[in-house]
Amino acid sequence: MTHPLNDLLPASLRRTWAVDGTCPDLDLYSLFRARQIGDLHRTAVIDAKGKLCYTALDRKVRCLAVGLRELGIASGDVVGVQLPNNRNAVIADLALAAIGAVALPFPVGRGAAEATSLLHRAQAVAVIAATEHRGTHPAAALTASTTAETAAEATAQSTTATDPATKPPLRHVIAVGPGPAPEGTVPFAELLRRSDPAAFVAARPDPDGPARILVSSGSEAEPKMVAYSHNALAGGRGNFFASLMPDPATPPRCLFLVPLASAFGSNGTAVVLARHGGTLVLLDHFTPEAAIAAVREHEPTHVLGVPTMARMVLDRLEQEREQDQEGAGKLPAPTALVLGGSPLDATTAAEARHAFGCPVVNLYGSADGVNCHTGLGDRQDAEDGTGGHGMVAGRPDPRVADIRVADPVTHEPLPDGAVGEIVARGPMTPLCYVGAPELDARYRTPDGWVRTGDLGLLDADGVLHVVGRLKDVVIRGGANISPAEVERELSAHPSIRDVVCVGVPDPVMGERLAACVVPAARAADSDAPTLDDLAQHLTARGLDRGKHPERLLLVRELPLTPAGKPDRAALRERAARV
């Protein structure tokens, strides 16, 4: 039996947003069908296979929906999706919405053990996984992992009174990709071939009911899973994207450098296609070379990525100029470069703005239900990037998420200028955490506000500034150090391209701060920054000596998590050996 996905917001409040037009009050597949009927041959997806129009996409969606129903997958069932960025991920998203099932996407980089844990914790009945991706075999790995775990559970249940209904076995692994499907899986292509799209009748689920489960990409031992409704995705998140479209009548063409299976990537199928009738430009794997080629060939209106990806693209453009390649360093200007997932420093923003020839939108958001951004009109100078109050996150939009700053203990709102915990509530607010009432109790207030765990303030102009994390601190000899604060100051160092600060264990002080630094591309090996250089820079910036890094790890590039964010756990492990 699937976990109950109850809405922690008052139903009357949700209905208000539907009645006043803030949310479309339609399920995702119905919204997509309306877009398809309105422009039959508009391009929906561009991937490695080429272009796919709305009508051809809808035919595949309907075929898969029939096939899924024949497997016994019903409305309300949770189905995992572990696919790279391509048309099949979009087909799966829409087909699950069409039958009223709840999609649980997670990036292909997650290993079988973690993926199996997610599926079982969500009580998923099936998973749609890639046969092969970059040397890995997700479908086979999931089949082997779930088979072994099911056998182990059966043995345990034979000797205990454990209720077998508490952790239902995965019924189907659906294998997607070229080559033969692994033994024990259902071939995705067979589901598409054997089904009659004309026989499909959509489920028409409740727009305020669950549509998708977002998986947090943080460093938790067990990533959080957050349930979202159709209205929260197409309405709340759709309103966020609408604010980045100068002409609402012109559908966007969006290049997603982040996985569609990430929280950031949830703006793909649900928002770009279903809500706005646009086009998705997809890379099955990010590289700076592939990103640059896609911008030049497809001229997207919006490029969505994380700051580390932007810095890698900037480095590659600089290499082109140094090698005097034809057309070096030039890009057709999008409407916006949208960067989220980790803090954006002023230097990267300024360089990206120049290279891409468009506004750089700093997006502050998370899977837990918060969204705020700097918008198309903000063109801050490098000196203004922090405004003296941390990272500028922009002015909150109540059509997306109303944001307050509250006392972390009492949850009472604080006055402008006071630092407290950032809390959010609005049309994009999720329903609840999945199978984790303890997380609901910890991160949701009784009236439905989401506690972000971030520290920030609202200035006199109503602009949100993010200054750090309640828990993201390094405790050195009893003194708290905010890695975000140190990263912000180090990002202005001329010899640093990218930086992440992490705490490493120390037998004397408990923890010490380590700076993991990617030197600037223009810096020779002999010019790479040293700890003394960092200390001098931070002293000049006015940072207390006790907050200076005591270890330095130089890396060619930052490792990324499957969701595209810097992998702090991997960096912490490497820095501990320095």
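The values are calculated or read from the model by the stated rules, or taken from the named source; none is laboratory data. Quick caveat: nothing in here was measured; it's all calculated off a predicted structure. Because the Cβ atoms are built from the backbone with ideal geometry, glycine has one as well, and the counts that use them run over all protein chains shown.
Overview of values
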item	result
Residues of the stretch 542-561 satisfying the condition of being touching a Gly at 6+ places or on another chain (Cβ under 9 Å) and small (Gly, Ala, Ser)	546
Members of the stretch 468-491 found to be small (Gly, Ala, Ser) and either under 21 Å from residue 556 (Cβ atoms) or outside any loop (DSSP other than H, G, I, E, B) (or both), listed by number	468, 479, 484, 491
Cβ pairs under 6 Å, 6+ apart, first in the stretch 17-37 and modelled with pLDDT under 95, second assigned to a helix (DSSP H, G or I)	none
Of all residues in the stretch 478-490 being exposed (fewer than 15 other Cβ atoms within 10 Å of the Cβ) and out of contact with any Lys or Arg (no Cβ under 9 Å at 6 or more places or on another chain), the one that is farthest from residue 533 (Cα to Cα)	478
Criterion (part of a loop (DSSP other than H, G, I, E, B) and surrounded by 21 or more Cβ atoms within 10 Å (Cβ to Cβ)) met by exactly one of 341, 329	341
Residues of the stretch 74-115 that turn out to be more than 26 Å from residue 52 (Cα to Cα), assigned to a loop (DSSP other than H, G, I, E, B) and in contact with a helix residue (DSSP H, G or I) (Cβ under 8 Å, 6 or more places away or on another chain), as a count	2
Residue selected from the stretch 422-445 under the condition assigned to a strand (DSSP E or B) and β-branched (Val, Ile, Thr), by the criterion farthest from residue 7 (Cα to Cα)	422
Of all residues making up the stretch 166-196, the number that are surrounded by 13 or more Cβ atoms within 10 Å (Cβ to Cβ) and either in contact with a strand residue (DSSP E or B) (Cβ under 9 Å, 6 or more places away or on another chain) or within 23 Å of residue 49 (Cα to Cα) (or both)	20
Count - residues of the stretch 1-46 that are in contact with a helix residue (DSSP H, G or I) (Cβ under 8 Å, 6 or more places away or on another chain), of a type outside the set (S, T, N, Q) and in a loop (DSSP other than H, G, I, E, B)	12
Failed item, numbered, when residue 403 is tested on (1) surrounded by 24 or more Cβ atoms within 10 Å (Cβ to Cβ); (2) out of contact with any Cys (no Cβ under 9 Å at 6 or more places or on another chain); (3) modelled with pLDDT of 95 or more	(2)
Selected residue (criterion: surrounded by the most Cβ atoms within 10 Å (Cβ to Cβ)) from residues of the stretch 531-578 that are part of a loop (DSSP other than H, G, I, E, B) and of a type in the set (Val, Ile, Thr)	561
Residue among 263, 270, 290 that is out of contact with any helix residue (DSSP H, G or I) (no Cβ under 8 Å at 6 or more places or on another chain), of a type outside the set (Asp, Glu) and surrounded by 20 or more Cβ atoms within 10 Å (Cβ to Cβ)	263
Criterion (over 30 Å from residue 104 (Cβ atoms), of a type outside the set (D, E, K, R) and assigned to a strand (DSSP E or B)) met by exactly one of 462, 453, 503	503
Residue check, residue 515 under 22 Å from residue 366 (Cβ atoms) and either in contact with a Pro (Cβ under 6 Å, 6 or more places away or on another chain) or surrounded by fewer than 18 Cβ atoms within 10 Å (Cβ to Cβ) (or both)	no
